[in-house]
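Read the structure below first, then the notes.
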Amino acid sequence: MIRILCTVGLAAGAAFAPSPATAQPAGDPVVRLLQSARTAFDDLEYGRAISICRLALQQPTITRAQRLDVLRVLAAAQYPNDPDAARPDSAARTLRLLVKLDLDATFPRTLGWRGLDSLLADVRTRTLALAVVPASDQQVRGGDGAWVLPFRTTMAADVALTAERNGAVVPLAAGRGPDGVLRVPALRDRVPLLANGDWTLVVSARVPADSEVVRLAATFASDSLVFLPVPALDSTGFKPERAKPIGRRALLAGVVLGGATAAMASGLRAEDPVRSAYGVDARAFGVAAALAVGAGMAVFLDKGRDLPDNAKANADRRATHAREAAEVVAENDRRLAAAVTTVRITR
Amino acid sequence: MIARRSRRMPWLRRASLALAALAGAVPATAVAQAEFRVTALSAPTVRNGVVGTAAQQFTGTGGTVEVLARFAFGGLHVRSFGADLDRGLGVANLDARVVLGPQWLSVEAGRTQRALVGELASSQYTLNRVGLRSTFPLGGSGLRGMIGAWSMQGATLPTGVREASGLEGETALLYRLRRLPVFVQVGYRAESYAVTLNGNRSAPEEMGVLTLGGGFSFGPAARR
C-alpha cells in the first residue's frame with residue numbers, strides 16, 4: 001500500500017495541547033468538529049465522539065495536524081477506560097492510521113490511559129511507518145561529497161531512495177531501518193547525478209507484508225563542470241626500438257668475410273723462392289669456411305638489434321605525455337574539488 | 001641491467017666506472033660508440049722464409065694479446081704477438097696504432113717493432129704501418145665481423161738489411177655473449193714481407209697465423 005505521507009520532526013506529535021488544530025481559525029469546520037468530538041468524549045458519549053471524528057476525517061480541508069488530533073480522539077473514544085465501551089479492534093485500526101501518520105505519536109494525559117498506551121505500543125510494533133527528517137539546505141563540495149537523508153522506521157525494513165521527474169526514475173541510495181542515513185553522492189563519474197532543477201524524492205520502506213512511501217520535493221543546483229580533455233598518446237609516432245633482423249644480409253656478410261680470408265691468404269704471399277716452394281696456407285680456407293658459416297648463423301641468431309636511441313626517444317615521449325596528462329588531470333581535479341552542489345529539500 | 005649485473009660482479013662495476021671516467025671528457029655521442037676490449041688469442045703459426053738461399057718453413061704456436069680503447073672518432077690499439085717456432089726460431093711483434101674513424105671503417109696508423117730471434121742470428125725491425133679496418137655488427141646477434149689490411153714500411157732496419165716492407169691482412173668473427181662482457185673470436189692473419197739485404201739479395205718472408213681465443217669487451221659499442 002502506498003501512502004503519501006509527510007512526516008516531519010519528532011516534536012510534531014509530542015504534545016496534544018496546545019494542538020496545531022487549535023491554532024486554526026474558529027470558523028474552520030474541522031476545528032469545530034474536533035471541539036465537539038472532544039466535548040462528547042469528555043461527557044463519556046463515546047459513540048457520538050466517534051461519529052463526529054469520522055465526519056471530521058471526511059472534511060476535504062483537514063490538515064495533517066488536524067488529522068492527527070482527530071485520530072487521537074477517535075482512538076481514545078474507541079478504547080476508553082470502560083470495558084463496556086471498549087472496541088479494541090476498531091481502536092487498533094485507528095491507531096494504525098495514527099502511527100503511519102506519525103510513528104512517534106503519543107496520547108496526552110487528558111485522552112490516554114495505560115490500556116490505550118499499551119495498545120498503541122502494540123500496534124506500533126506491528127505497523128510499518130516511515131519518518132524522513134531532511135535538512136532543508138545542504139551544500140556538497142567536490143567529487144566525493146554527498147548529501148544525506150536520515151530516516152527511521154518502526155521495524156527493520158529495506159529503504160530505498162529514488163528521484164523522479166517527467167517519468168524518469170533515478171535510483172539514488174538504499175539503506176536498512178529502523179535507523180539509518182541515506183547518503184547520495186552529488187556526482188557520479190564526475191557528472192552530476194541529477195540534473196539541475198526540481199525533482200521529487202521518493203523514499204520507500206518495504207517489508208514483506210507492507211510498504212510505506214514518503215515523497216519530498218527537492219531542488220538541485222550544481223556548478224557547471226567543464227573538464228579539459230586528457231590528451232591521448234598517439235602510438236603512431238613511436239620509433240621502432242628494435243631494428244629489423246639482418247636476415248639474408250648475414251649470408252652476404254659471411255661470403256664477404258670468408259672470401260676476404262681466402263683472398264688474403266692467397267694474395268699476401270712472399271716473393272720467390274718462398275712462393276714457389278710453399279703453397280697457400282690451407283688452414284686459411286678452413287677458417288674462411290668457418291667465418292662464412294659463422295656469419296651466416298646471424299640469420300638465425302639475430303632477432304633485431306636494439307636501438308637504444310629510439311628507445312630513449314620513445315621513453316621521453318611517454319614521459320612527456322604522462323606529465324601533460326597529469327597536469328590536465330590535476331586541473332580537472334581542482335575544478336572538481338571546487339564544484340558545489342546545493343540541495344534544497346522541502347516537504 | 002648493468003647496475004644489477006654489477007652488484008654480482010664488482011670487477012664489471014669497476015671496469016664500467018673506469019670506462020665512464022675515461023669517457024668523461026668526450027661528448028655523449030662519442031661515449032655511445034665507446035668500446036674497451038682485451039683479447040687473448042692462441043696463434044698457431046706457419047712462417048715461410050729464406051735461410052741462406054733456400055726457402056724453409058717453420059711452424060709453432062704463438063700467442064697474441066690485444067688491447068683496444070676507442071670512442072666514436074677513434075682510439076688506440078696495441079697488440080703483442082710472440083711465437084716459438086721449430087728449430088729454435090722465435091718471432092715477436094709489438095704494434096701500437098692510433099685509430100681514426102668509426103668502427104665500420106677506421107684508418108689506423110702506427111708503428112710495429114718486429115724481431116726474429118734464432119740460434120744463428122737475430123734481427124730487429126721497426127716498421128711504420130698504415131691501414132684500414134672495418135668492424136661491423138651482424139644485426140643484433142652478438143656477432144661482429146672484422147676485416148683489416150695494412151701496409152708496412154721499414155723505418156729502422158738491422159745491420160745488413162737495406163730495405164724492408166710488408167703487407168698484413170686479418171679477418172675475424174667475434175661473438176659476444178648477451179649478458180656478459182665476454183666474447184670469443186676466430187680468425188686468420190696473413191703477413192708477407194719483402195726484405196732486401198745489402199748486395200741486393202732478397203730474403204722474402206710470409207707468415208700465416210690462425211687466431212682463436214676471446215676476451216672481455218665493455219662499452220655500448222661492444223654490445224651491438
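So the values come out like this:
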{"read-out": "Sequence-separation-based contact order of region A:20-127, relative, with Cα cut under 8 Å and 6+ spacing, percent", "value": "21"}
{"read-out": "Stretch gain in nm, segment B:Val117-B:Asp86, where the contour uses 0.36 nm per residue and the Cα spacing is subtracted", "value": "10.0 nm"}
{"read-out": "Gained length - A:Ala315 relative to A:Asn81, 0.36 nm times residue gap less alpha-carbon distance", "value": "75.3 nm"}
{"read-out": "Cβ neighbours within 10 Å from other chains - mean over A:258-269", "value": "6"}
{"read-out": "Cα gyration tensor category, rounded, prolate or oblate, for region A:20-127 with a/c compared to 1.5", "value": "oblate"}
{"read-out": "A:Val170/A:Thr63 FRET efficiency (R0 41 Å; Cβ-Cβ; nearest 0.05)", "value": "0.85"}
{"read-out": "Relative contact order computed over chain A (Cα-Cα under 8 Å; 6+ residues apart), in percent", "value": "17"}
{"read-out": "Extension gain from A:Val255 to A:Thr236, taking 0.36 nm per residue of separation minus the Cα-Cα distance", "value": "3.0 nm"}
{"read-out": "Test item: Cα-centred dipole of the protein assembly as shown, Lys/Arg +1 and Asp/Glu -1 on Cβ, debye", "value": "500"}
{"read-out": "Candidates A:Pro231, A:Pro60, A:Pro29, ranked by Gaussian network fluctuation over chain A, Cα under 10 Å, top entry", "value": "A:Pro60"}
{"read-out": "Sites B:Gln57 and A:Arg248 - FRET efficiency at Förster radius 56 Å, r taken between beta-carbons, to 0.05", "value": "0.85"}
{"read-out": "Pair B:Val130, B:Ala96: separation of 7 Å Cα→Cβ label points (nm)", "value": "2.0"}
{"read-out": "For chain A, built as a Gaussian network whose Cα springs stay under 10 Å, the top-fluctuating residue of A:Leu97, A:Leu257, A:Leu44", "value": "A:Leu257"}
{"read-out": "A:Ala135 paired with A:Glu327, simple spin-label distance in nm, labels 7 Å along Cα-to-beta-carbon", "value": "3.9"}
{"read-out": "Label point distance in nm, B:Glu163-A:Leu336, each placed 7 Å from Cα along Cα→Cβ", "value": "8.8"}
{"read-out": "Relative contact order for region A:98-159, counting Cα pairs under 8 Å that sit 6 or more residues apart, in percent", "value": "36"}
{"read-out": "Inter-chain Cβ neighbour average for residues A:272-282, partner chain, 10 Å", "value": "6"}
{"read-out": "Hits among lysines - C-alpha to C-alpha of A:Lys244 under 29 Å, sequence gap 8 or more where chains match", "value": "A:Lys303, A:Lys312"}
{"read-out": "Shielding score for B:143-153, defined as the mean number of other chain Cβ atoms within 10 Å", "value": "4"}
{"read-out": "Order of B:Glu119, A:Glu45, A:Glu331 - criterion: other Cβ atoms within 10 Å of each residue's Cβ, fewest first", "value": "B:Glu119, A:Glu331, A:Glu45"}
{"read-out": "Within chain A, helix-based [θ] at 222 nm, where runs of 4 or more DSSP H residues each add -39,500 (n - 2.57), nearest 500", "value": "-13000 deg cm²/dmol"}
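None of the figures in this text is laboratory data; all of them are computed from the coordinates on show. All figures in this text were calculated on a predicted structure; none of them were measured in a lab. No Cβ is skipped: glycine too gets one built from the backbone with ideal geometry, and neighbour counts run over all protein chains shown.
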